[in-house]
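The values are calculated or read from the model by the stated rules, or taken from the named source; none is laboratory data. All values reported here derive from a predicted model rather than from experimental measurement. Every residue, glycine among them, receives a Cβ derived from its backbone with ideal geometry; neighbour counts consider all protein chains shown. Accessible surface areas use protein heavy atoms only, side chains included; no ligands, DNA or RNA. Shrake-Rupley method; radii C 1.70, N 1.55, O 1.52, S 1.80 Å.
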Amino acid sequence: MSNKQDWLPKNHEKLYDQSGQTILYLSVQANATRMSLDGFATWLKATLQPAYDTFTTAFEDWKNPAERTPAKTATLTDAENVFIPLYRHLYTGMLKDNPLVTDTDLVAMGLPQRSNGERHPAKIPTTTVALTVKAVSPGVVEAHLRDSSIDNPSRAKPEDVHGAEVVTAVLDTPPVDWSELKDSHFTTTSTIRLAFQGKDRRKHLFIAARRENTRGQKEPWGDIQDTIIP
C-alpha cells in the first residue's frame, strides 16, 4: 500500500483557499498559453469553472458559523462532490505530467511539486470499460464501471488508471459511433450518478466510457449501452 499522502485538502476552508489559488493562476492568459493549456480552454471554461463557481458560492454561504445550517452544509458537500473529481483531473491529468508546467508553476497554483525520485511512466490502459446501468429514481440513473477483462472482474481501477470519461446522449435512434455522445463527464470512482430533466424521462439514454491513466492517455471506448431514463 502506498504511504503517499493525498494532495487534496480534506478541510473545506483549505480546499477553498488552494483551489482559488489554482484558478487565479490559470486565469492569467499568459500562464495558460505558456503551459499549452489553450487547447483545454473549452473544458476549463465550460466544465471546471462552473463547478468551481458553485463550490465557492456554497462555501461563502456556509463559512459563517453563526449562520450555518444543515442545509447549507449539505449544499456545500454536494458542490464539492462535483468539483473535486474535476479538480483532481486538472492536476493529475493536465498539469502534473505536462513538461511545460514547471514545479514553480505548481507551487504558485498551490499544488504539490513532482517527486524527485525515479519516475516510472504510467501504463496506457489497454482493456475497455464494461458498464452496468440502473435506474435510481425518477430522472436519475447510475452507471457502475468495471474492467471488461475476465481476468479483472472487480470494479477496482487497474494500475496507473486515474479515472474514466463517461459520455452520454439522449437520442431517438441508436448512435452510429461514440462521436454522437456529446455530453462528457469525468469520474475517479467506479460509480457515476447522472440526473436528467423531466422532459427526458422515458427516453433512450446512450452511454459509454473509457478510462485514462495519470498522464491523460486513454484506453479504447467500451460498448455503447442503451437504457431508458426512469
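So for the pair THR42, ARG201, with labels modelled 7 Å out along Cα→Cβ, what separation do we get in nm?
It works out to 3.3 nm between the two label points.
If each residue of separation counts as 0.36 nm, what is the full-extension length gain between VAL140 and ASP223 once their alpha-carbon separation is subtracted? All intermediate terms of the calculation are to be shown ahead of the outcome.
Details: separation 83, 0.36 × 83 = 29.88 nm, distance 2.10 nm.
My answer for the length gained is 27.8 nm.
Which value results when the Cα radius of gyration for segment 18-60 is divided by 2.2 N^0.38 Å? Write down the numbers at each step before the final one.
Working: Rg = 10.9 Å, N = 43, 2.2 N^0.38 = 9.2 Å.
After normalising by residue count via 2.2 N^0.38 Å, the value is 1.19.
If I histogram all Cα-Cα distances within segment 177-230 using bins 5 Å wide from 0, what percent of pairs lands in each bin?
Cα pair-distance distribution for segment 177-230, in percent: 4, 14, 25, 27, 17, 7, 4, 1.
Output needed for segment 49-111: three equivalent-ellipsoid semi-axes, defined as square roots of 5 times the C-alpha gyration tensor eigenvalues, in descending order, whole Å.
Whole-Å semi-axes of the equivalent ellipsoid: 30, 12, 8.
Pulled fully out, how much extra length does the chain show between THR57 and LYS72, if you take 0.36 nm times their separation in residues and subtract their Cα-Cα distance? Working shown, then result.
On the way: separation 15, 0.36 × 15 = 5.40 nm, distance 1.06 nm.
Net length gain for the segment: 4.3 nm.
Rounded to the nearest 10 Å², what accessible area does VAL176 show when all protein chains are kept and the probe is 1.4 Å?
The value for VAL176 is about 130 Å².
Report, in deg cm²/dmol and to the nearest 500, the calculated mean residue ellipticity at 222 nm for the chain, where each DSSP H run with n ≥ 4 adds -39500 (n - 2.57) and the sum is divided by the residue count.
Values: 5 runs with 61 residues, N = 230.
It lands at -8500 deg cm²/dmol.
Using a 1.4 angstrom probe with every protein chain in place, what is the largest-first accessible-area order of THR173, THR126? Let's see the in-between values first.
Details: THR173 90, THR126 115 Å².
Putting THR173, THR126 in descending order of accessible area: THR126, THR173.
For the cross-link pairs LYS96/LYS218; LYS45/LYS182; LYS10/LYS134; LYS10/LYS63, which exceed 19 Å when the distance is taken from alpha carbon to alpha carbon?
Numbers: LYS96/LYS218 16 Å; LYS45/LYS182 17 Å; LYS10/LYS134 31 Å; LYS10/LYS63 15 Å.
LYS10/LYS134, as the Cα separations exceed 19 Å there.
Using a ≥ b ≥ c from the Cα gyration tensor of segment 17-144 (square roots of the eigenvalues), is it rounded, prolate or oblate, where a/c under 1.5 gives rounded and otherwise the larger of a/b and b/c decides, a/b for prolate? Intermediate values should be presented prior to the final figure.
Numbers: a/c = 2.02, a/b = 1.21, b/c = 1.68.
Taking the square roots of the gyration eigenvalues as a ≥ b ≥ c, segment 17-144 is oblate.
For ARG88, ARG193, write out the residues from largest to smallest accessible area, computed with a 1.4 angstrom probe and no ligands counted.
Details: ARG88 55, ARG193 145 Å².
Highest to lowest solvent-accessible surface, that is ARG193, ARG88.
Taking only Cα atoms of the chain, what ratio of Rg to Rh do you get with Rh as the Kirkwood inverse-distance radius?
Numbers: Rg = 18.9 Å, Rh = 19.3 Å.
Using only Cα positions, Rg/Rh for the chain is 0.98.
Which of LYS199, LYS45, LYS96 moves the most in a Gaussian network model of the chain with Cα springs under 10 Å?
LYS199
Which residue, chosen from LEU44, VAL129, LEU181, occupies the Cα position most advanced towards the positive end of the dipole of the chain, where the dipole is computed from +1 (Lys, Arg) and -1 (Asp, Glu) charges on Cβ about the Cα centre?
Ranked along the dipole, the leading option is VAL129.
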